[in-house]
Ligand code: FAD
Ligand code: NA7
């Protein structure tokens with residue numbers, strides 16, 4: 001009997017899983033029956049931008065946290081697929097930090113080429129899952145027709161992402177704040193912050209990038225507020241970093257060091273929750289956002305029931321190529337090419353990775369740790385090995401570039417680890433580029449499409 005596999009989510013992780021199975025099929029393997037559930041009308045997950053916030057047209061929580069103006073926050077050379085290069089997709093060198101639409105085009109390009117769309121049930125949400133003696137029962141709803149289906153699967157791969165359900169802490173007096181308050185999940189564009197005094201709470205990617213977007217779009221003052229550690233970049237004039245905001249009153253904010261600011265808007269850049277409302281607690285991952293969520297052998301196999309897998313559940317230095325490494329590994333476990341050790345051996349392996357993670361001293365070592373994790377996976381499959389040490393060097397150079405100039409690091413270029421091609425210098429520096437469209441990005445300067453006014 002052919003096994004039935006459910007993939008939940010067709011974001012970059014689910015797409016990697018589809019690609020992994022397709023690659024095996026192209027290589028002559030018999031693959032299981034696959035159903036990929038995707039609640040949105042298209043694939044791409046976070047990269048599938050929506051103007052909507054809060055609740056979508058079907059009454060479901062809006063998935064994507066991406067904003068219109070997002071440009072890659074790390075060099076594309078660090079996330080390139082080993083089996084589908086940027087050169088192959090675009091046919092010419094592009095810059096190292098492309099805007100959202102360009103990366104969406106790239107990830108979609110690989111799977112469009114292999115016709116795996118046929119496996120995806122779009123506009124279909126997984127509602128609940130139950131463990132049975134020989135697998136799982138999965139209930140899903142077609143959000144367009146309202147039809148619900150309950151069916152049986154042998155294995156489940158959870159690829160539903162973990163940057164969708166915002167972590168929304170309370171702050172004293174916020175109920176009295178007279179300006180606008182939102183979480184980064186609902187932020188869609190910084191244009192409306194022009195001339196405003198804006199407070200970002202948080203000290204990670206979202207605070208840094210939304211803060212710099214606000215600065216780029218002409219915010220009068222951007223104040224970043226950290227709980228544990230300042231990001232400590234050499235912020236441009238008009239951007240400052242203070243300890244945690246501890247009290248709000250009207251439009252006045254008091255900070256832990258006694259500073260006071262009047263602000264017009266607050267963006268809570270306080271991260272996201274792992275949340276899997278379609279899984280019972282016996283199957284749902286519960287973890288802070290970290291590089292090795294506990295309970296997953298090789299970061300993918302659910303220790304308590306190894307017929308359940310997660311792809312993309314870790315915090316991410318590496319992204320697309322890490323999802324590939326995981327997807328190829330999961331595929332090979334399912335195809336029987338990789339034999340899982342017994343529960344005790346798996347637990348020991350999890351403990352080993354957790355102990356190494358706990359001992360990491362800094363960001364640089366986190367990158368090396370994730371590179372080693374990816375290497376460990378790729379060595380067990382036929383996914384093309386790539387120069388992970390070189391990617392680590394690129395990440396280190398990226399960190400250094402950010403230290404030098406947080407407003408201009410996106411103008412730097414790196415060579416591809418996959419093809420050796422040097423990235424092109426984008427025709428317009430990021431700080432001056434007000435058009436984030438793929439058309440503008442790919443059109444040489446001087447051509448009509450690149451001279452639109454904003
Ligand atoms: P997601 O992209 O979140 O996709 C999950 C999919 O699952 C979605 O399509 C969703 O609709 C679907 N789904 C969820 N629940 C269900 C359900 N019950 N039933 C059916 N379908 C369901 N990474 C980078 O490499 N570079 C960046 O510059 C970058 N910027 C980012 C900016 C923001 C604001 C955020 C939030 C993330 C960013 N990331 C970036 C990281 C991002 O998480 C990954 O690039 C990638 O999108 C993760 O892929 P995923 O498939 O694991 O999850
Ligand atoms: P992260 O990277 O998980 O960071 C969350 C930040 O929020 C981090 O600085 C936390 O501070 C801070 N935080 C969390 N809770 C609080 C409270 N209660 N008070 C103050 N600060 C708090 O999330 P991001 O959104 O930045 O990034 C997630 C993804 O989106 C990433 O992949 C990006 O590419 C885009 P801490 O350091 O723990 O004190």
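Quick one: divide the alpha-carbon radius of gyration of segment 231-324 by 2.2 N^0.38 Å and tell me what you get. Let's see the in-between values first.
Values: Rg = 19.7 Å, N = 94, 2.2 N^0.38 = 12.4 Å.
My calculation over the Cα atoms of segment 231-324 gives 1.59.
Based on the alpha-carbon set only, what is the convex hull volume of segment 206-252 divided per residue, in Å³?
Hull volume normalised by residue count: 84 Å³.
What does the helix-only formula give at 222 nm for the chain: each DSSP H stretch with n ≥ 4 adding -39500 (n - 2.57), the total divided by the residues, and the result rounded to the nearest 500 deg cm²/dmol?
Here the helix-only value at 222 nm equals -8000 deg cm²/dmol.
By how many degrees, 0 to 90 and rounded to 10, does the Cα axis of helix 343-358 deviate from the longest principal axis of the chain?
Tilt of helix 343-358: around 20 degrees.
Can you give me the Cα centroid spacing of segment 323-398 and segment 47-81 in angstrom?
The distance from the Cα centre of segment 323-398 to that of segment 47-81 comes to 26 Å.
Can you list, bin by bin at 5 Å, the percent of alpha carbon pairs in segment 369-426, starting at 0?
Going out from 0 Å in 5 Å bins, segment 369-426 shows 4, 16, 21, 21, 17, 12, 7, 2, 0 percent.
Work out the P(r) tail for segment 112-232: percent of alpha carbon pairs separated by more than 24 Å, whole number.
53
What fraction, in whole percent, of alpha-carbon pairs in segment 320-359 exceed 14 Å separation?
The share of Cα pairs beyond 14 Å in segment 320-359 comes to 63 percent.
I need to check one value: relative contact order of segment 225-348, counting alpha carbon pairs closer than 8 Å and at least 6 residues apart, in percent.
Relative contact order, segment 225-348: 11 percent.
Angle between the Cα long axis of helix 363-378 and the longest principal axis of the chain, 0 to 90 degrees, nearest 10?
Between the helix axis and the principal axis of the chain, the angle is about 20 degrees.
Tell me, what is the Rg over Rh of segment 342-404, with Rh the Kirkwood radius over Cα pairs?
1.07
Assign one of three labels to segment 1-92, namely rounded, prolate or oblate, based on the Cα gyration tensor with a ≥ b ≥ c the square roots of its eigenvalues; rounded applies when a/c is under 1.5, prolate when it is not and a/b is larger than b/c, and oblate otherwise.
oblate
Ranking 252, 197, 118 by Cβ neighbours within 10 Å, fewest first, what do you get?
118, 252, 197
Need one word for segment 164-271: rounded, prolate or oblate. Basis is the Cα gyration tensor (sqrt eigenvalues a ≥ b ≥ c); a/c below 1.5 gives rounded, then a/b vs b/c decides.
Judged from the Cα gyration tensor, segment 164-271 comes out rounded (a/c under 1.5).
Shape verdict for segment 158-210, please, from the Cα gyration tensor: rounded (a/c under 1.5), prolate (a/b greater than b/c) or oblate.
oblate
For segment 107-217, what's the relative contact order in percent, using C-alpha pairs closer than 8 Å and at least 6 residues apart?
13
Using only Cα atoms, tell me the angle between helix 205-216 and the longest principal axis of the chain; keep it within 0 to 90° and round to the nearest 10.
The helix 205-216 is inclined about 40 degrees to the chain.
Provide the descending list of Cα extents for segment 281-418 along its principal axes, expressed in whole angstroms.
Principal axes ranked by extent give 48, 30, 23 Å for the Cα atoms.
Roughly how large, in nm² to one decimal, is the mean projection of the convex hull of the alpha-carbon atoms in segment 351-451?
Answer in nm², one decimal: 9.0.
Return the ratio Rg/(2.2 N^0.38 Å) for the chain, where Rg is computed over Cα atoms only. Can you show the working numbers first?
Working: Rg = 22.3 Å, N = 454, 2.2 N^0.38 = 22.5 Å.
Ratio of Rg to 2.2 N^0.38 Å for the chain: 0.99.
Every number here is computed from the coordinates shown, using simple stated rules; none is lab data. Remember, predicted model here, so these are calculated numbers, not experimental data. Here Cβ is always computed from backbone atoms with ideal geometry, including for glycine, and neighbour counts include all displayed protein chains.
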